[in-house]
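Report on one structure; see the data block that follows.
The values are calculated or read from the model by the stated rules, or taken from the named source; none is laboratory data. Fair warning: this is a prediction, and the values are worked out from it, not measured in the lab. Counting neighbours? That spans all protein chains shown, and the Cβs are built from the backbone with ideal geometry, glycine included. These accessible areas exclude ligands, DNA and RNA; they are computed on the full protein's heavy atoms, side chains included. Shrake-Rupley method; radii C 1.70, N 1.55, O 1.52, S 1.80 Å.
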Amino acid sequence: MRYHQAVHDVSMLFEDCDKPPTEDSFDNTVGGRLPDTVLRKALDLPDLQERDVVKHFINLSQMNFGVDNGLYPLGSCTMKYNPKICDEIASWSSVGDIHPLQDPSTIQGALRLMYELEGFLCEIGGVDAVTLQPAAGAHGEFTGIHLVKAYHDSKGEKRREVIVPDTAHGTNPASAAMVGYDVLELPSKDGCVDVEALRSAVSKDTAAFMLTNPNTLGIFEKDVKEIAGVLHDAGALLYYDGANLNAIMGKTSPGKMDFDIVHFNLHKTFATPHGGGGPGAGPVGVKKKLEELLPVPRIAFKDGIYSLDYDRPKSIGKVRAFFGNYAVLVRAYVYIRMQGGKGLVSVSENAVLNSNYVKERLKEDFELPFQDLRKHEFVLSGRPLKAKGVRTLDFAKRLLDYGFHAPTIYFPLIVDEAIMIEPTETESKVTLDAFVDACKAIIKEDPAILKTAPHNTARKRLDEAKAARDMIFSWREYEKKLGQRSNSA
Ligand SMILES: *Cc1c(COP(=O)(O)O)cnc(C)c1O
């Protein structure tokens with residue numbers, strides 16, 4: 001094992017700065033155009049040289065793990081390598097220096113890009129119309145379930161229930177509940193939707209069924225057409241959680257599978273950077289019967305001119321300021337144009353091939369629940385390790401010592417000691433083999449080493465819950481908390 005993460009003695013930039021911000025460090029050239037009452041004299045930022053800022057962030061990045069420095073098989077998250085050309089084009093001034101309040105006549109290029117991206121997503125998703133506004137997959141679900149509600153409202157129907165399978169991502173029930181629906185969880189059978197159980201669960205109270213296909217076990221729900229029939233016969237809608245779209249591009253589409261509403265995670269399938277809560281994009285596509293309900297404005301194209309259409313009386317309104325996360329949309333557009341239709345097909349083919357390759361090499365060492373072929377990801381059970389007193393968490397932590405990001409663990413909930421591996425299409429056979437070899441080596445190691453791992457990283461075993469329970473988002477907040485603590489001491 002040759003991996004060792006760098007350890008730097010980094011302090012906060014605010015602490016490194018010996019020169020407080022001064023009035024003349026702030027460029028006041030815009031002052032002529034802004035009234036004095038709204039003009040700040042100085043920004044409360046540390047006054048540092050570029051050199052020190054770059055050093056700070058490079059050092060921090062070396063104490064971290066990302067898609068640029070190794071395999072990141074975090075199942076369900078599609079942490080593929082993001083081509084740099086997408087970032088480069090997103091940094092062009094024609095992208096960054098335009099303002100969403102400019103007159104549409106002055107941003108024709110941007111409107112065209114978004115209009116064409118909507119068209120590409122319609123084709124990939126097999127849907128009739130797409131909105132680009134939602135900022136994430138979960139936000140797409142929230143938007144989509146609002147569309148469900150508006151659809152039933154428009155028919156004068158009050159349906160109270162959204163059904164989700166027990167393999168669903170936690171955002172599915174959360175989104176349905178946020179829109180005000182009761183959530184009914186459907187137990188699976190052999191890792192798939194139990195169609196008979198669904199049939200008895202569906203009623204005139206069912207508003208929608210939310211499904212991921214391939215599901216979170218990486219198994220393709222082959223009964224999907226029958227499932228769609230059950231929902232549609234009852235007057236309900238079928239919602240596609242598009243997080244796993246990387247497995248099926250050009251092979252089939254949610255539209256072909258009879259889904260009514262689809263969200264796309266551009267930051268997963270379409271290679272825009274994600275993680276750490278940064279900007280993403282969760283466009284939503286719909287079949288014709290739901291198009292009039294989509295958020296405003298819609299981008300329209302007529303007589304060679306792009307414009308914004310707000311005159312949509314049935315629209316659910318706005319779900320996001322302006323057009324959504326535009327720079328993310330630009331990256332996804334570049335990625336799709338660069339791949340082309342054939343490229344996207346081979347993305348999915350290679351994602352599925354890589355996943356099955358790793359699965360075949362690892363299934364004897366762990367336990368593979370449900371003996372089916374997998375799509376772009378697969379879920380193992382770490383149950384055999386339990387006999388040695390080793391948990392999936394310990395195994396995942398030890399992988400960090402070998403220079404690999406950990407897989408998703410303990411999800412989906414229906415697999416005991418779940419280890420969810422998504423290698424993605426961007427990894428070479430050499431990398432996949434090195435990962436498999438590391439997994440095989442780890443399970444032969446002394447359990448004591450695993451239980452105290454990681455050892456080769458900048459930080460050791462962290463309190464997993466602290467950051468979520470004791471949230472400190474800024475330096476100012478941190479100082480305030482320190483002050484409170486010393487006052488109360
Ligand atoms: C990632 C994911 C989501 C949520 O998407 P975000 O963009 O993270 O909000 C929903 N469902 C599944 C299956 C996912 O993997």
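Structure above, values below:
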{"item": "Elements of type helices (runs of 4 or more DSSP H) contained in region 376-489, each with 3 or more residues being aliphatic (A, V, I, L, M)", "result": "392-401, 429-443, 447-451"}
{"item": "Residues that are crowded, with 18+ Cβ neighbours inside 10 Å and in a helix (DSSP H, G or I), drawn from region 95-117", "result": "Ala110, Leu111, Leu113, Met114, Leu117"}
{"item": "Failed criterion for Leu293 (all others in (1) crowded, with 19+ Cβ neighbours inside 10 Å; (2) closer than 30 Å to Ile85 by Cα hold)", "result": "(2)"}
{"item": "Residues located in region 385-410, provided they are under 25 Å from Ser188 (Cα atoms) and either in contact (Cβ under 8 Å) with a residue 40 or more places away in the chain or open to solvent by less than 20 Å² (accessible area, probe 1.4 Å) (or both)", "result": "Thr392, Pro407, Thr408"}
{"item": "Those residues of region 157-213 which are in contact (Cβ under 8 Å) with a residue 24 or more places away in the chain, within 15 Å of the ligand (Cβ to nearest atom) and surrounded by fewer than 19 Cβ atoms within 10 Å (Cβ to Cβ), in sequence order", "result": "Asp166, Ala174, Met178"}
{"item": "Residue match in region 148-168 (condition: part of a helix (DSSP H, G or I), of a type in the set (D, E, K, R) and assigned by TED's automatic domain parsing to the domain that holds Ala207)", "result": "yes"}
{"item": "Failed item in (1) open to solvent by 10 Å² or more (accessible area, probe 1.4 Å); (2) more than 21 Å from the chain's Cα centre (by Cα); (3) within 16 Å of the ligand (Cβ to nearest atom), with Phe220 passing the rest", "result": "(2)"}
{"item": "Top-ranked residue in region 72-102 [being hydrophobic (A, V, I, L, M, F, W, C) and within 18 Å of the chain's Cα centre (by Cα); ranked as nearest to Ala168 (Cα to Cα)]", "result": "Cys77"}
{"item": "Flag if Ile442 is closer than 19 Å to Cys77 by Cα and open to solvent by less than 60 Å² (accessible area, probe 1.4 Å)", "result": "no"}
{"item": "Of all residues making up region 357-367, the number that are open to solvent by 20 Å² or more (accessible area, probe 1.4 Å) and either assigned to a loop (DSSP other than H, G, I, E, B) or polar (S, T, N, Q) (or both)", "result": "3"}
